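All remarks here apply to the structure that follows.
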Amino acid sequence: MLVLGIETSCDETAVGIVEDRLTLRANVIASQVERHAPYGGVVPEVAARAHLELLQPTLDRALADAGCTLDDLDAIAVTHGPGLVGALLVGVAGAKGLALATGLPLVGVNHLRAHVEVAQLEFGQLEPPLVALVVSGGHTSLVRMDADGSFRQLGATIDDAAGEAFDKIARFLGLPFPGGPEIDRIARRGDPRAFDFPRAMSNDGTHDFSLSGLKTAVIRQLRRMEDAGEDVDVADVAASFQEAIVDVQLEKTLAAAAGEGVGTVTLAGGVAANSRLRGRMQEACDAQGLRLLVPSPGLCTDNGAMVAASGANLLAAGAVAPLGLEVDPNLPLAGAGSPG
Ligand code: KG4
Ligand code: ZN
């Protein structure tokens with residue numbers, strides 16, 4: 001069974017192809033980073049326009065990489081939310097066109113679930129119940145996945161998403177967009193204990209996060225040092241900021257796993273590519289006897305393979321979408337078109 005997955009919810013135009021739910025056949029990503037970099041963030045209109053231009057060539061390359069044609073496919077899966085409305089519309093319109101032209105079933109995929117389910121391409125069939133930390137540019141949440149494929153949100157950020165915080169602080173440190181990978185790289189040379197930044201909502205008994213106070217504290221610290229004429233050690237600030245984020249994510253994820261009584265934890269979303277988070281989460285899970293599944297960095301950031309994998313699961317469960325499938329920029333985790 002070959003499922004094609006189209007992802008256009010934010011600033012990556014991506015097409016992936018997955019065979020029999022677990023085998024990656026193609027994963028092509030046309031990044032728009034250079035188009036958004038001059039603005040220091042993703043510009044929705046620029047993203048939608050770029051998706052229009054890049055979708056067809058990305059699709060062609062994915063089919064070529066997988067060595068197949070549209071005739072060989074069994075379904076067309078597409079992210080229909082959450083995400084930027086204009087960006088989502090391009091992918092969904094493209095998927096509908098393909099489904100109509102080929103007569104193949106259309107499957108509507110939830111972007112957040114896809115971030116979690118992509119792990120099956122590297123670790124084989126997932127064995128829920130599990131707790132997933134979904135950390136990306138737009139989301140920071142802890143979710144529970146159950147054996148029937150259903151998802152439930154345990155908690156989420158009450159303000160900024162982790163990736164958003166990484167990108168904003170990077171901008172203040174004069175680092176290029178997107179800032180997450182830059183902070184990750186520079187922090188390796190810095191002292192994570194150089195500054196004691198706040199760990200909001202740590203050990204408060206909830207599964208929620210708050211990151212805006214941390215962001216403000218880092219910006220204040222930078223201004224204070226500049227006003228005092230002190231040299232800013234960018235590596236120390238980056239390392240201390242990153243450590244504060246990682247500390248809270250670690251503590252909250254382990255508390256959720258314990259509270260839910262699960263033996264498996266997964267990391268998902270762009271920020272799961274962060275080397276410090278991956279390393280420390282591995283140590284912590286080893287110490288607690290938890291199994292940790294962390295996809296390769298290229299499968300953590302937005303990609304089409306995750307949509308194809310999630311779409312293949314839905315197809316197997318009989319969840320085919322109508323050709324009238326709509327985009328939903330705020331699609332909840334237990335959204336339409338999906339079991340659970
Ligand atoms: O999942 P994703 O590709 O797109 C969304 O759905 O938002 O996540 C993108 C976010 C960006 O904020 C980016 O800076 C962050 O993930 N990111 C990282 C790293 N790689 C990407 N943050 C920290 N460390 C990284 N290595
Ligand atoms: Zn994402």
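Laboratory data are not the source of any read-out in this text; all were calculated from the coordinates shown. Quick caveat: nothing in here was measured; it's all calculated off a predicted structure. All Cβ positions, even for glycine, are placed from backbone atoms using ideal geometry, and neighbour counts span all protein chains on display.
If I take R0 = 51 Å and measure r between the Cβ atoms of Thr216 and Asp71 in this structure, what FRET efficiency does the formula 1/(1 + (r/R0)^6) give, to the nearest 0.05?
My answer for the efficiency is 0.40.
R0 = 41 Å: FRET efficiency of Asp148 with Asp191, Cβ-based, nearest 0.05?
It comes to 0.35.
May I ask for the Rg/Rh ratio of segment 194-330, computed from Cα atoms with Rh as the Kirkwood radius, given to two decimals?
1.08
Contact order normalised by length for segment 71-160, with contacts defined as Cα pairs under 8 Å and 6 or more residues apart; what percent is it?
After rounding, I find 20 percent.
In terms of the Cα gyration tensor, with a ≥ b ≥ c the square roots of its eigenvalues, is segment 168-271 rounded because a/c is under 1.5, prolate because a/b exceeds b/c, or oblate?
Verdict is prolate for segment 168-271.
Please work out the C-alpha center-to-center distance from segment 2-17 to segment 89-160 and express it in whole Å.
With segment 2-17 and segment 89-160 each reduced to a Cα centre, they are spaced 12 Å.
In Å, what Kirkwood hydrodynamic radius results for segment 1-133 from the alpha-carbon pair distances?
Radius from the Kirkwood sum: 15.2 Å.
How far is the Cα center of segment 231-296 from the Cα center of segment 22-52, in Å?
So the two Cα centres are separated by 26 Å.
To make sure I understand the rule: partners must be lysines, Cα under 22 Å from the Cα of Lys252, and not fewer than 8 residues away in the same chain. Which ones qualify?
Lys215
Beyond 15 Å, what share of the Cα-Cα pairs of segment 153-198 remains, rounded to the nearest whole percent?
When every Cα pair of segment 153-198 is considered, 54 percent fall beyond 15 Å.
For segment 139-187, what relative contact order do you get, as a whole percent, if you take Cα pairs closer than 8 Å and at least 6 residues apart?
25 percent
If you take the alpha carbon radius of gyration of segment 1-75 and divide it by 2.2 N^0.38 Å, what ratio comes out, to two decimals?
Segment 1-75 yields a ratio of 1.20.
All other residues with a Cβ under 15 Å from the Cβ of Asp74 taken together, and with Lys, Arg as +1 and Asp, Glu as -1, what is their net charge?
Its environment carries a net charge of -2.
In percent, what relative contact order does segment 1-88 have, based on Cα pairs under 8 Å that are 6 or more apart in sequence?
The normalised contact order for segment 1-88 reaches 41 percent.
Any chance you could list P(r) for the chain, counting all Cα-Cα pairs in 10 angstrom bins from zero, rounded to whole %?
6, 27, 33, 23, 9, 2, 0
I need the GluC sites (Glu not before Pro) found in segment 168-232, filtered to DSSP loop residues with at most 13 other beta carbons within 10 Å of theirs.
Passing sites in segment 168-232 are Glu230.
Please give the FRET efficiency for Ala101 paired with Ala228, using the beta carbon to beta carbon distance and R0 = 51 Å, rounded to the nearest 0.05.
Plugging the Cβ-Cβ distance into 1/(1 + (r/R0)^6) gives 0.20.
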